[in-house]
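Notes to accompany the following structure.
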Amino acid sequence: MNDFVIETKQLTKIYGEQTAVSKVNLHVKKGRIYGLLGRNGAGKTTIMKMVLGLTSITSGEVQLFGKNIRGQEKRIYPRIGAIIETPGFYPNLTGTENLEIFAKLRGTSRPDAVKNALEVVGLPYKDKKLFSKYSLGMKQRLGIANAIMHDPELLILDEPINGLDPIGIAEIRKFLQDLSKERGKTILISSHILSEIDLLADDIGIIHEGNLLEESSMDELRKKNQKYVLFRVSSTATAARILEQKCGGVKYRIEDDNVMRIYDMDIDLSMVNQAFITNNIGVYESSVCDESLEDYFKEITGGVGIA
Ligand SMILES: Nc1ncnc2c1ncn2[C@@H]1O[C@H](COP(=O)(O)OP(=O)(O)OP(=O)(O)O)[C@@H](O)[C@H]1O
Ligand SMILES: [Mg+2]
């Protein structure tokens with residue numbers, strides 16, 4: 001028995017000729033926030049839909065709460081709250097009326113469930129505004145309220161902060177962190193925004209063209225980030241040639257015509273500096289930097305990176 005709330009094994013989805021998700025082994029631990037990070041079209045929504053039984057699985061399997069979902073749907077799905085794409089709210093009803101309908105359909109028993117859920121996401125209870133008059137951010141909030149109304153153990157939220165303003169994002173972030181830290185809820189969230197996952201998640205899975213390239217805790221990932229020396233020079237092509245002459249085998253990367261990075265922290269920097277200057281290379285800056293998460297993703301996704 002392990003403590004994974006979600007575990008996928010070789011999970012695969014093929015649409016016609018296209019493999020949207022390829023042999024993904026996801027491990028979402030109890031009580032943690034897991035961020036699924038990937039660019040548009042990477043396969044995030046497809047993975048979530050398969051986990052939720054909203055689309056068929058081509059091959060592989062999904063385990064929820066330690067059990068294969070096949071045949072267990074009725075027992076398992078009431079323990080989950082989800083937002084996948086836009087929930088089907090009625091435009092000509094208010095937010096409260098919409099949630100009351102969903103609460104009834106689900107058989108949510110707590111009488112104050114709707115009121116509480118609206119309060120948590122910062123929407124008014126029993127006001128007159130129709131859903132069709134909501135802003136994008138308000139619609140997102142109502143979606144989140146709907147997902148948490150029945151107090152589920154697991155939340156699966158597909159890009160829940162899309163369309164929220166910065167204050168709204170910070171509020172939702174705080175609220176999701178409280179849910180996980182104080183109430184032990186498990187949360188799987190997707191995003192194409194690296195900084196957001198960085199601020200919110202405990203664990204991360206990086207999905208690129210249907211493949212899970214990396215899965216680790218955010219702490220481990222941050223440790224992996226290397227230090228480097230950034231050189232801003234008049235010509236990186238010439239500088240690279242000199243560098244290879246003086247320190248053969250040194251690890252470096254050219255970023256553009258003027259910026260290069262040297263990853264070898266043991267080299268004699270003053271000697272490098274001197275060699276550049278002697279060879280008529282203008283040195284405008286040299287500083288020790290930490291490789292950012294963004295750089296790391298650029299590296300593992302083959303240069304395309306993630307916003
Ligand atoms: N119903 C479908 N039929 C055919 N192809 C599909 C279908 N749904 C998704 N795809 C394809 O599968 C791939 C993964 O799509 P998916 O929606 O899972 O990506 P995503 O990571 O959620 O992207 P986004 O950030 O844009 O939401 C894409 O290439 C997409 O075109
Ligand atoms: Mg998507």
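The values are calculated or read from the model by the stated rules, or taken from the named source; none is laboratory data. Quantities reported herein were computed from a predicted structural model and do not represent experimental measurements. Heads up, the Cβs are rebuilt from the backbone with ideal geometry, glycines too, and the neighbour counts pull from every protein chain shown. All accessible areas refer to the heavy atoms of the entire protein, side chains included, with ligands and DNA or RNA removed. Shrake-Rupley method; radii C 1.70, N 1.55, O 1.52, S 1.80 Å.
Let me spell it out: the conditions are (1) away from ligand 2 (no atom under 16 Å from the Cβ); (2) more than 24 Å from L123 (Cβ to Cβ); (3) open to solvent by less than 10 Å² (accessible area, probe 1.4 Å), and I33 meets all of them except one. Which number is the exception?
That leaves (2) as the condition not met.
As an exercise: evaluate G35 against (1) part of a strand (DSSP E or B); (2) away from ligand 1 (no atom under 14 Å from the Cβ) and give the number of the one condition it does not meet.
Going through (1) part of a strand (DSSP E or B); (2) away from ligand 1 (no atom under 14 Å from the Cβ) one by one, G35 breaks only (2).
Looking only at region 204-231, filter to residues that are buried (at least 18 other Cβ atoms within 10 Å of the Cβ) and within 16 Å of ligand 2 (Cβ to nearest atom); which one of those is farthest from the chain's Cα centre (by Cα)?
G210
Give me the residue from region 176-203 that is open to solvent by 30 Å² or more (accessible area, probe 1.4 Å) and part of a helix (DSSP H, G or I) and, out of that set, farthest from ligand 2 (Cβ to nearest atom).
Filtering region 176-203 for residues that are open to solvent by 30 Å² or more (accessible area, probe 1.4 Å) and part of a helix (DSSP H, G or I), the one farthest from ligand 2 (Cβ to nearest atom) comes out as E182.
Looking only at region 123-143, how many residues end up being at pLDDT below 90 and of a type in the set (A, V, I, L, M, F, W, C)?
So the answer is 2.
Of the residues E255, E299, E291, which is within 27 Å of E209 (Cα to Cα), in contact with a helix residue (DSSP H, G or I) (Cβ under 9 Å, 6 or more places away or on another chain) and without any contact (Cβ under 8 Å) to a residue 60 or more places away in the chain?
On inspection, the qualifying residue turns out to be E255.
Considering only region 14-32, state which residues are over 17 Å from I206 (Cα atoms) and among the charged types (D, E, K, R).
Result: E17, K30.
Name the single residue that is modelled with the lowest pLDDT among those in region 39-61 being within 11 Å of ligand 1 (Cβ to nearest atom) and at positive phi.
Per the stated criteria, the residue is G41.
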